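**Q** Sharing a structure with you now.
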Amino acid sequence: MTPALSATAGLHEQAARLDADDTLADLRARFLLPPDVVYLDGNSLGPLPAAVPAALDDVVRRQWATGLIGSWNAAGWWEAPLRVGDTVGRLIGAAPGQTIAGDSTSVQLFTALDAAAALRPDRPLLVTDPGHFPTDRYLADAVARRRDLAVRHVRPGDLPDFLAAEGDRVAVVSYSPVDYRTGELYDMRTLTRAAHDAGALALWDLCHAAGALPLDVDGLGVDLAVGCGYKFLSGGPGAPAFLYVARRHHTTLETPLPGWTGHADPFALADSYTPAPGIARARIGTPPILSLLALEAALTAFDGVDLARLRTKSLSLTGFFLRCVDALLPPLGFTPVTPAEPGRRGSQVTLRHAHARGLAVALAEVGVIADMRAPDLLRFGVNALYTSHRDMLTAATRLRDLGEKADYDPAPPTPGPVT
Ligand SMILES: Cc1ncc(COP(=O)(O)O)c(C=O)c1O
Ligand SMILES: Nc1ccccc1C(=O)C[C@H](N)C(=O)O
């Protein structure tokens, strides 16, 4: 056997052994994945959970068609943002009554950033990551303009020193625990504490963390958090986002969009706004019930799942993939940019390659769905609820085959607005 062949055989044995020991393997049946597809893009759009079609069918055919407007009460539609919020809350370490579901991540971010700045009115700075997802940066700029604040861009690693020097001027720090490009995981505890030591508020964007790893927003004393419903939570395209606000801020929380459903008595239809008690004051308008109830059904995929064990499996999958990369891809121009150290890794592996776009397109044609971020990052998102070690090896071997044969278009046309 050639060294290359024996390396592959060894990896096959390892994958088989790791999968045989996987006590979470049965969870894959909770998703309706196409056969013969290795889906490594659940960090962008989660696949369809098996519980969703029947739930949506019931919502549409029974609750809407038959129940009509009475379903706002009888089917619990009105309370859905709070109920689904609490279900997400369990995944992020939030006790009930602090998380609401609805609207988009961008709307929730704007709400959270603006409300946080209002809670620290004497402080002139918003601090965020220069590598943060663009919507987070644009909205920080927008809130700063609106409130006459300045934005400072500070890398997560430099944040404690920055806060030690200038923290008394900082209203809020806005970060993600997982870098969406590289998959690097930052220490929420250290950064939250550094913000608090400076008297600032800590706002976290959990888009790439919720449902992927255990979180403890209450335990860490996080002030506000947001996240989307369509990545690791698999709530469907454009699923409602969520907003968490720690209970201690509820009575003083002023949101920038005081819509009527956040009123203390919405159907009094009063002339002026009195905020509802608790997190309900963060409601804005009529909730998107079809999407909310699809998300609610999707979240049953987490029923009985211990997130610590899910994290252990996720690290096993990403760690194994990094070993596959190391064994199979070195001569082919791939460089891992995700930290090898497990404690610094989210649930994603990113490889740098000059032909990232061409490889992502070619991989999809051979049944491995990953994605890329310009110009040269190939991303493999790993949701341990439905991914096996064999899937990771399949991805690595197909990537090696493409790289070796180089028979793909290195710069294919973009398929449309979504790349
Ligand atoms: C960290 C982060 N925040 C926000 C978003 C998106 O916000 P929205 O759901 O409003 O499109 C994304 C991805 O699209 C993201 O990766
Ligand atoms: N919402 C989307 C709609 C269409 C295509 C991608 C997205 C993403 O979520 C991208 C993701 N935030 C990322 O980490 O790059």
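**Q** Residue check: is R379 closer than 15 Å to V325 by Cβ, of a type in the set (D, E, K, R), in contact with a helix residue (DSSP H, G or I) (Cβ under 7 Å, 6 or more places away or on another chain) and touching a residue at least 40 places away in the same chain (Cβ under 8 Å)?
**A** Here the answer is no, as R379 does not meet what is asked.
**Q** Let me spell it out: the conditions are (1) out of contact with any Asp or Glu (no Cβ under 6 Å at 6 or more places or on another chain); (2) among the acidic types (D, E); (3) within 16 Å of ligand 1 (Cβ to nearest atom), and D197 meets all of them except one. Which number is the exception?
**A** D197 satisfies every listed condition except (3).
**Q** So the check is Cβ under 9 Å with 6+ separation or different chains; which pairs have a first residue in the stretch 123-143 that's assigned by TED's automatic domain parsing to the domain that holds Q108 and free of Cβ contacts under 8 Å to residues at least 12 places away in the same chain and a second one that's assigned to a helix (DSSP H, G or I) and within 11 Å of ligand 1 (Cβ to nearest atom)?
**A** From residues that are assigned by TED's automatic domain parsing to the domain that holds Q108 and free of Cβ contacts under 8 Å to residues at least 12 places away in the same chain, the pairs are Y138/S106.
**Q** Can you name the number of the only condition in (1) crowded, with 20+ Cβ neighbours inside 10 Å; (2) in the same structural domain as E365 (by TED's automatic domain parsing); (3) among the polar types (S, T, N, Q) that T23 fails?
**A** Failed condition: (1).
**Q** Answer yes or no as to whether Y273 is at pLDDT 95 or above and within 16 Å of ligand 1 (Cβ to nearest atom).
**A** Taking the combined requirement at face value, the residue does not satisfy it.
**Q** Which residues, counting only those in the stretch 122-170, are under 21 Å from H196 (Cβ atoms), among the acidic types (D, E) and away from ligand 1 (no atom under 15 Å from the Cβ)?
**A** D122, D158, D161, E166, D168
**Q** When the residues of the stretch 204-226 are narrowed to those that are over 20 Å from R344 (Cα atoms) and assigned to a strand (DSSP E or B), which ends up farthest from ligand 1 (Cβ to nearest atom)?
**A** Looking at the filtered set, the residue picked out is L224.
Per-residue answers, yes or no, for (1) surrounded by 20 or more Cβ atoms within 10 Å (Cβ to Cβ); (2) not in a loop (DSSP other than H, G, I, E, B):
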residue	(1), (2)
A340	no, no
R357	yes, yes
R379	yes, yes
D401	no, yes
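The values are calculated or read from the model by the stated rules, or taken from the named source; none is laboratory data. None of the values given here were measured: they were computed from a predicted structure. A quick note on method: Cβ atoms are made from the backbone with ideal geometry, for glycine too, and the neighbour counts reach across all protein chains shown.
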